[in-house]
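> Starting off with a structure, shown below.
Computed from the coordinates by the stated procedures, all read-outs in this text should not be read as laboratory data. Small disclaimer: the values here were computed from a predicted structure and weren't measured. A quick note on method: Cβ atoms are made from the backbone with ideal geometry, for glycine too, and the neighbour counts reach across all protein chains shown.
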Amino acid sequence: MNAKRKKIDYSKWGYIFILPFFLSFFIFSFIPMIDTVRYSFFEYYRSGLKEIGPNFVGMANYVKLLKSDMIKYGVNTLILWVIGFIPQIVIALMLAEWFVDARLKIHGTQFFKVVIYLPNLIMASAFAMLFFTMFSTNGPINAILMSLGWTKEPIDFLGSVWGTRSLVGFMNFLMWFGNTTIMLMAAIMGISPDIFEASELDGCNSFQRFFSITLPLIRPILAYTLITSVIGGLQMFDVPQILTNAQGTPNRTSMTLIMFLNSHLKSKNYGMAGALSVYLFIVSGILCFFVYRMTNNQDLDGSKAAAKKAKKEKRG
Amino acid sequence: MKSKGPNVFRSVFAHVTLIILSFMCLFFFYILFVNASRSHADLQKGFSALPGAFLWKNLSNVANDGSFPMFRGILNSLIVSGSSAAICTYFSALTAYGLYAYNFKLKKVAFTFIMAILVMPTQVTAMGFLRLITNMGMYDSLLPLIIPSIASPSVFYFMYSYLESSLPMSLVEAARIDGSGEFRTFNSIILPITKPAIAVQAIFTFVGSWNNYFVPALVIQSKTRMTVPILIATLRGADYMNFDMGKIYTMILVAIVPIILVYLLLSKYIIAGVTLGGVKE
């Protein structure tokens, strides 16, 4: 008791313990960020072996980007994301509802969960390479389709705009629907069983229950899933990059924003890469703000809420 | 009471859908395995649903290919992912403990700041990062793929929530009364308590780092330092049509098999960890 009353000041240890994190962040994220913003105002690129710049050009890079294909690549990214996200959220909601519904008596729940989550951990670049070989004109998928007699000529999936886009969307769907299912399942299981019991007594059928009880009650986590998925979609790179060999073929219709950034970085066009990064930074900053608001205000999973509540009570 | 009919129908529908989805998830890996076990000539003849006997031959072809040092790549990836997982979880736990257990002026600011950058994509600072490590002489080395993982906001957030729910401050005070220094308290009392959280996050960090492609592709130049995803990408860029297809499938196979093995061993913890994390990477 005595030692406690003396109140040794431990606050310096707080600073010491968080120092490595902030030092690392400062060096590897903050300085690069400042550098990126700075060079976005410069003409600075490599032409052959010659380095042009850095010459200050003000907002010229930003204007040039708006006039370039950036908007088109933004739309591409959005399309690719939507193709993957819509089936992902619909299937995930359906599966989550089934898994928690005891009356359906789903057999092998654990097995199904393990299987549907598996693609999430697979290296996206290897997965894309696999799809590339499988869906090529002389690949196994065409061989199967032809031997089934569904098509006479091999289908050139990667030669058509919507073929490529659908493949990217399909891969994103496969990689993320298991993850989303498990997140939504936790949210549905967080709903008090009393509500479901009461609804059953009132003669609610499973459709009514899903649309009028489950869906409204898991809205916070749905919003969270949506925003984090948008941020993930904004970063879409590995799959289309490998699938189309960095070209965004056909005719750059599957080129994403990060692929565009990557091509500027590879060609050492620092000015343009900087300006593009700043655009991306602004968009992701807005999205980060939403996530920040949600993680602070909303109850995303049971444990955090309980812990926070306890903490607030302790503070008085 | 509800009639039994609709539930039986829904149950059958649910099972059929689940089986179709599971088939979709496993089908591609099965084809990958089948094709990796067949020779190039065999593959040219067409599709087969049954594996061949060529897996070992393909594996030794992959191992002896100097232009795509796959096993060297796996070693590099293991080094990067293992070190990242270790330092990321250790320093995240340290940061979380620092913010949880101590009261200091900038505590609130520091916490708010980390929460604000929780889901910030690394890509937006990639250009400055590339220039920075070039100036530091770390271009084309594995270090810049490892050290920055000290600052991982999402892992921090996970650790922080875990400490909030499972570490009573009285324990820390008891250790102090027993004369334990602050660092020793962290290493010998706090770390063991957070072991479950560290294990889950170590797996996720390892997998994330193993699969990471964007940053390594910008940083690494020489073949001997390439990680697996870059090797896969160079494979795609090469004139693959002249390649031994059996070898290509085998390369993809060895790129993903380590993770599948880890997953099958630890799937229970990994799936439980998905919901605990709350934040997608």
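> Please give the per residue volume of the convex hull enclosing the alpha carbon atoms of region A:259-298, rounded to a whole number of Å³.
60
> Extending each Cα 7 Å along its Cβ direction at A:F210 and B:N103, get the distance between those two points in nm, one decimal.
5.1
> Quick one: in region B:1-129, what % of C-alpha pairs are over 26 Å apart?
Tail of the P(r) past 26 Å holds 64 percent of the pairs.
> For labels at A:R38 and A:R293 in the simple 7 Å Cα→Cβ model, what's the distance in nm?
Distance between the two pseudo-spin positions: 3.4 nm.
> Net charge within 14 Å of B:G73 by Cβ-Cβ distance, Lys/Arg positive one each and Asp/Glu negative one each, not counting B:G73 itself?
Summing Lys and Arg as +1 and Asp and Glu as -1 gives +2.
> If you take every residue apart from A:N262 with its C-beta less than 13 Å away from the C-beta of A:N262, what net charge results, scoring Lys and Arg +1 and Asp and Glu -1?
My count for the surroundings of A:N262 gives +1.
> Which number comes out as Rg/Rh for region B:5-54 once both Rg and the Kirkwood Rh are worked out on C-alpha atoms?
1.30
> Further question: Arranged by the count of other C-beta atoms within 10 angstrom, fewest first, what order do A:C204, B:C25 take?
Placing the least packed residue first, the sequence is A:C204, B:C25.
> What do you get for the angle between helix B:126-135 and the principal long axis of chain B? Use alpha-carbon atoms, 0 to 90 degrees, nearest ten.
The helix B:126-135 is inclined about 80 degrees to chain B.
> Just to be sure I follow: if Rg is taken over the C-alpha atoms of region B:99-171 and Rh is the Kirkwood radius over the same atoms, what is Rg/Rh?
Rg/Rh: 1.09.
> Another one. Can you list the residues, at least 5 places off or on another chain, whose amide H is less than 5 Å from the amide H of A:E43, using H built in the peptide plane?
A:N55, A:F56, A:V57
> Based only on other Cβ atoms within 10 Å, what is the fewest-to-most ordering of A:I144, A:I188?
Lowest to highest Cβ neighbour count: A:I144, A:I188.
> Let me ask you something else. If you take the Cα atoms of the protein assembly as shown, find Rg, then find the Kirkwood Rh from the mean of 1/r over all pairs, what is Rg/Rh?
Expressed as Rg/Rh, it is 0.98.
> Further, regarding this structure: Springs between alpha-carbon pairs under 10 angstrom, Gaussian network model over chain A: which of A:A143, A:A128, A:A198 fluctuates most?
Maximum among the listed residues: A:A198.
> With a ≥ b ≥ c taken as the square roots of the eigenvalues of the C-alpha gyration tensor of region B:61-277, please select rounded if a/c is under 1.5 and otherwise prolate if a/b is larger than b/c or oblate if it is not?
Prolate, because a/c is 1.5 or more and a/b exceeds b/c.
> Follow-up. ³J(HN,Hα) across region A:257-270 via Karplus (A = 6.51, B = -1.76, C = 1.60, θ = phi - 60°), whole Hz, x for Gly/Pro?
4, 6, 5, 5, 4, 4, 5, 5, 5, 5, 8, 6, 8, 5
> Would you tally the net charge around A:E43, using a Cβ to Cβ cut-off of less than 14 Å, leaving A:E43 out, and scoring K and R as +1, D and E as -1?
Around A:E43, the surrounding residues sum to +4.
> Using only the alpha carbons of region A:171-227, determine the length spanned along each of the three principal axes and report them from longest to shortest in whole angstroms.
In descending order, the Cα extents are 42, 18, 15 Å.
> May I pose another question? Which of B:D239, A:D156 comes first, and how do the rest follow, when ranked by fewest Cβ neighbours within 10 Å?
B:D239, A:D156
> Could I ask something else about it? How large is the convex hull of the Cα atoms of region A:53-315 per residue, expressed in Å³ as a whole number?
Dividing the Cα hull volume of region A:53-315 by its residue count gives 184 Å³.
> Continuing with the same structure: Given a Förster radius of 30 Å and the C-beta distance between A:D194 and A:L78 as r, what FRET efficiency does 1/(1 + (r/R0)^6) yield to the nearest 0.05?
Between A:D194 and A:L78 the formula returns 0.15.
> Quick one: of A:K152/B:K45; B:K105/B:K195; A:K64/A:K268; A:K72/A:K152, which pairs are farther than 26 Å apart, Cα to Cα?
With Cα atoms farther than 26 Å apart: B:K105/B:K195; A:K72/A:K152.
> On full extension of the chain, what length is gained from B:A63 through B:D178, given 0.36 nm per residue of separation minus the C-alpha to C-alpha distance?
Result: 35.8 nm gained on full extension.
> Let me have the 222 nm mean residue ellipticity of the protein assembly as shown computed from DSSP H runs of 4+ only, each contributing -39500 (n - 2.57), with the sum over all residues rounded to the nearest 500.
That comes out to -22000 deg cm²/dmol.
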